[in-house]
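Structure first, then comments.
The values are calculated or read from the model by the stated rules, or taken from the named source; none is laboratory data. Note that the coordinates shown come from a computational prediction; the quantities given were computed from them, not determined experimentally. A quick note on method: Cβ atoms are made from the backbone with ideal geometry, for glycine too, and the neighbour counts reach across all protein chains shown.
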């Protein structure tokens, strides 16, 4: 699964794809059907790259990509509006070693909602590329223009 360039923006619903970088932040595009564009300033907005997110574990942190892989193999995925017990039981299946005191129901709902957004996208089934991130590529383009 190739989640490079996919981010979550604090205070904004859904997931976003990083299209380009400017001097103060990023140009993002929503992953929903509307394909809204958003320019975020890094000094005021908090971005989290999905390929770098980890979940609190009892011994070691669990990578979000590993949880998504196990979710893909799960027999059924509960709705985000399911009761807390059903969500916790499901999360015990896909992230058996998660720290139940630090991982809240709201976190589980967010992971399931993200999975629901990503599961039908082509990037979800792509192999992770060793290519450079969008941010670095955009920075190199600006350097070439300046020369």
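Scan segment 53-65 for residues that are part of a loop (DSSP other than H, G, I, E, B) and either closer than 20 Å to residue 122 by Cα or touching a helix residue (DSSP H, G or I) at 6+ places or on another chain (Cβ under 7 Å) (or both) and the total you get is 1. If the condition is being without any contact (Cβ under 8 Å) to a residue 40 or more places away in the chain and not in a strand (DSSP E or B), then segment 24-52 contributes 24, 33, 34, 35, 36, 42, 43, 44, 45, 46, 52.
Of all positions in segment 66-74, at least one carries a residue that is within 23 Å of residue 106 (Cβ to Cβ), modelled with pLDDT under 90 and in a loop (DSSP other than H, G, I, E, B). Only a single item in (1) at pLDDT 90 or above; (2) outside the structural domain of residue 4 (by TED's automatic domain parsing); (3) touching a strand residue (DSSP E or B) at 6+ places or on another chain (Cβ under 8 Å) is not met by residue 135, and it is number (1).
Of all residues in segment 56-65, those being in contact (Cβ under 8 Å) with a residue 12 or more places away in the chain and within 12 Å of the chain's Cα centre (by Cα) number 2.
Can we say residue 19 is surrounded by fewer than 16 Cβ atoms within 10 Å (Cβ to Cβ), in a strand (DSSP E or B) and assigned by TED's automatic domain parsing to the domain that holds residue 5? Yes; evaluated as a whole, the condition is true for this residue. Scanning segment 83-104 turns up no residue that is under 17 Å from the mean Cα position of the chain (by Cα), in a helix (DSSP H, G or I), in contact (Cβ under 8 Å) with a residue 60 or more places away in the chain and surrounded by 11 or more Cβ atoms within 10 Å (Cβ to Cβ).
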